[in-house]
1. Quick one: pull the percent of accessible area on the chain belonging to carbon and sulfur, 1.4 Å probe, ligands and nucleic acids left out.
2. How about segment 1-36: which trypsin sites (Lys or Arg not before Pro) there are in a DSSP loop, with at most 15 other Cβ atoms within 10 Å of their Cβ?
3. Run through every distinct alpha carbon pair of the chain and return the Kirkwood hydrodynamic radius in angstroms, one decimal place.
4. Report, to the nearest 10°, how far helix 55-79 tilts away from the longest principal axis of the Cα atoms in the chain, using its own Cα long axis and a range of 0 to 90°.
5. What do you get for the angle between helix 32-49 and the principal long axis of the chain? Use alpha-carbon atoms, 0 to 90 degrees, nearest ten.
6. For a paramagnetic label modelled at 7 Å from the Cα of I68 toward its Cβ, which residues of segment 18-61 fall within the zone defined by backbone nitrogen distances under 14 Å?
7. Quick one: accessible area per residue over the chain, 1.4 Å probe, rounded to a whole number of Å²?
8. Which log10 I(q)/I(0) values does segment 37-80 give at q = 0.13, 0.22, 0.25, 0.31 Å⁻¹ under the Debye formula, counting every alpha carbon as one identical point scatterer?
Amino acid sequence: MASKRIDAGTIIKLALWSLAVGFVLYQFKASPGDIYGWIANKIAGLWSWLVGSGLEYMMLGAAIVVPIFLISHFRGRSKS
């Protein structure tokens, strides 16, 4: 597999996108660290929810859903 070369057009596009994103960040008085921190906080919140109530809800539902699935799955196999 041939690697794609980085040409002058790609460098110009990167420079223009960097300028545009930098301008927006400056207008909102934000930094890349703020954005990465926000993403990390969202992931940590999701993880906390999954380990807490989310996983509990999943296990409660699985106690009903999985047996029904298994019964219907094996019942369908026995007919064919």
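The values are calculated or read from the model by the stated rules, or taken from the named source; none is laboratory data. Just so we're clear, the structure is a prediction, and the values are computed from it rather than from any experiment. Positions of Cβ are backbone-derived with ideal geometry, glycine not excepted, and every protein chain shown enters the neighbour counts. Each accessible area value is taken on the protein alone, full model and side chains, heavy atoms only, with ligands, DNA and RNA left out. Shrake-Rupley method; radii C 1.70, N 1.55, O 1.52, S 1.80 Å.
1. Values: 5550 of 7650 Å².
Percent of accessible area from carbon and sulfur atoms in the chain: 73.
2. On the way: sites: K4, R5, K13, K29; in loops: K4, R5, K29.
The qualifying sites are K4, R5, K29.
3. Numbers: mean 1/r = 0.0548 Å⁻¹.
Every distinct Cα pair counted, the radius reaches 18.3 Å.
4. Roughly 60 degrees, rounded to the nearest 10.
5. Between the helix axis and the principal axis of the chain, the angle is about 10 degrees.
6. So the set is 60-61.
7. Numbers: 7650 Å² over 80 residues.
Per-residue accessible area for the chain comes out at 96 Å².
8. The Debye formula, applied to the Cα set alone, gives -0.49, -0.73, -0.81, -0.94.
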